[in-house]
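A.B. asks: Next up is a structure, given as structure tokens.
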Amino acid sequence: MKTCLRIRTLSLLFLSAAIQLPCPGQRFSFQTYGESEGLSNPTPLAIMQDQAGFIWTGTQNGLFRYDGTRFEEFYTADGLPSSEVIGLFQASSGTIYASTSAGIARLSSRRFVAIRARGSPVITTHREGIAMGPDGRLYVASPQGLLVASGEDPDSHAEYIRQPAGAEILSVYADRN
């Protein structure tokens, strides 16, 4: 009985000490960006921070890269298949991929190059539709099924893994292991 009383007393002391401890809150800093910073379309569809720290914003009317001071614009004239950028992905190699409503493109020497498989544009309709495995294979969730391509150039070797009837692949994730 004395042991039970001691345990209760110690529990109450610990609980009252824990309640008395201050609980600091976190502060979050928010910054609004718009046309004055060079973001001509402030409706983001996809946002990503790359390995160098740049913020990429895909919008209904182009892709924008923020360097901490200003936004740089990328449009169809810069190689994007469409101005509607719905998804962004960066491979471990540093290559940036932009998924648009008309296909996927990768950034190469400050221009985007459309990715094609078997001569047709590779399309994903979902933000999480691109991943790259540790072996360098590109995985794309597309309306045709799961595209698995060796390397960053699917035209070199690509294979669609068809989904069962009625099923739809919405996203892909490649574990680093």
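Every read-out reported here was derived from the displayed coordinates using simple, explicitly stated rules and does not represent laboratory data. Computed from a predicted structure; not experimentally measured.
A.B. asks: L80's amide H: which non-local residues (gap 5+, or another chain) put their own amide H closer than 5 Å, with H modeled 1.01 Å from N in plane and none for Pro or chain starts?
C.D. replies: When sequence neighbours closer than 5 places are left aside, the close amide H contacts are Y75, F112.
A.B. asks: Here's another thing I want to ask about it. Return the Rg/Rh value of segment 48-141, two decimal places, where both radii are evaluated on C-alpha atoms and Rh is the Kirkwood radius.
C.D. replies: So for segment 48-141, dividing Rg by the Kirkwood Rh gives 0.94.
A.B. asks: Would you please give the residues with an amide H less than 5 Å from that of L88, counting only those at least 5 places away or on a separate chain, with H modeled from the backbone geometry?
C.D. replies: It is S99, by chain and number.
A.B. asks: Starting from one equal scatterer on each C-alpha and no solvent at all, send me the Debye-based log10 I(q)/I(0) for segment 83-130 at q = 0.15 Å⁻¹, two decimals.
C.D. replies: The Debye formula, applied to the Cα set alone, gives -0.34.
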